[in-house]
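Q: Quick one: this structure, given as C-alpha cells, is what I'll be asking you about.
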C-alpha cells in the first residue's frame, strides 16, 4: 500500500512538472507592454522577463534631458518586470490550484 501511494504521488508530481514546463513555454510567447511619461517610453517584455523592445518618443529625445529619459526607462522596465511576475504567478496558480510551492514563484516586490 505504501508503494502505491508513493507511485501515485510521483505520477502527480511528474504531471505537474510537465504542465509547468508547458506554462513556461507559453510565457515565452506572451508579452506585456508598459509605457511611462504619457506613452513617451514603451517597454515590451515577454513572460520570461526578457525585454523585447524599448521605444522612445522623438519628443523625449529632443528634450536633451538625460535624467528624465533614464528615470522613464527605469520606471517602465521595473513596471514591466512587476507585471511579468504577476502574469507568471497567475499562470502557475492555475496548475498548483493556489498552493504556493517554495521556489516556484518569484518573490514579490510588495
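Q: Relative to 2.2 N^0.38 Å, what does the C-alpha radius of gyration of segment 2-96 come to as a ratio? Two decimals please.
A: Values: Rg = 19.7 Å, N = 95, 2.2 N^0.38 = 12.4 Å.
Ratio of Cα Rg to 2.2 N^0.38 Å: 1.58.
Q: Cut-off is 10 Å between beta-carbons; in what order do 34, 84 appear when sorted fewest neighbours first? Can you show the working numbers first?
A: Numbers: 34 19, 84 23.
Ranked by crowding around the Cβ, least crowded first: 34, 84.
Q: Which order results if 91, 59, 22 are arranged by neighbouring Cβ count within 10 Å, fewest first? Provide the component values of the computation, followed by the final result.
A: On the way: 91 17, 59 9, 22 12.
Taking fewest neighbouring Cβ atoms as first place, the list is 59, 22, 91.
Only the coordinates and a few stated rules stand behind these numbers; no lab work does. Keep in mind it's a predicted model, so treat the numbers as computed, not measured. With ideal geometry, Cβ positions are generated from the backbone for all residues, glycine too; neighbour counts draw on all protein chains shown.
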